[in-house]
Amino acid sequence: MLEEALPDGPPRIRSIPAGLPSVQRRGNCGSMTENRETPRGRLRFMDLEFRPSPDGHGTVVVRMEWRGETLTGEASGVATREGDLRMGANASLATIRAVAGEAVDAELVGVKAVRAFDSWVVIASVRAQALGRDHRLLGAKAVDDQADLTRGAAIAVLDSLNRVLEKAVQS
């Protein structure tokens with residue numbers, strides 16, 4: 001049932017047609033990887049720093065929080081749009097490996113930025129082995145500004161692996 005307000009009267013109740021899903025949202029529906037209070041045992045993205053070098057290369061440093069401890073991962077490469085995406089993704093993967101140890105073996109398959117609906121979406125594909133299974137995982141992060149693509153790549157990798165990481169580290 002939905003409540004519908006009329007311009008000059010009390011709210012009126014109307015029913016939802018059969019076959020249509022009813023959705024109720026409570027609380028923050030944002031990304032679990034960026035929340036200040038991370039539920040369960042999830043790794044939380046804190047920040048990213050890009051360090052350019054004069055020769056056209058650069059280094060990306062990613063900081064994440066795991067159970068009150070700050071961890072960093074870094075990756076270097078050529079400073080192009082695609083290179084920056086890969087550096088952000090690999091720096092995130094390095095941080096995740098520091099948490100996972102032997103519990104998760106993860107490899108970046110690829111990362112891509114796609115322009116959609118007047119915004120950017122960064123998609124990361126990760127292959128992981130954990131809990132005795134092979135996993136093919138996808139993560140995504142929407143970003144408004146092209147300058148945030150590297151950050152989006154780091155968060156997309158974290159998004160792809162966080163659930164598997166949580167279960168693998170707990171067992």
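In the range 57-171, what percent of the accessible surface is made up of carbon and sulfur (1.4 Å probe, ligands and nucleic acids excluded)?
45 percent
State the Cα centre-to-centre distance between the range 50-100 and the range 128-171 in whole Å.
14 Å
Would you mind getting the Kirkwood hydrodynamic radius of the range 55-171 from its Cα pairs, rounded to one decimal in Å?
One over the average 1/r among Cα pairs gives 14.2 Å for the range 55-171.
The values are calculated or read from the model by the stated rules, or taken from the named source; none is laboratory data. What you are looking at is a predicted structure, and each value in this text was computed from that prediction instead of being measured. SASA here: full protein model, heavy atoms, side chains in, ligands and nucleic acids out. Shrake-Rupley method; radii C 1.70, N 1.55, O 1.52, S 1.80 Å.
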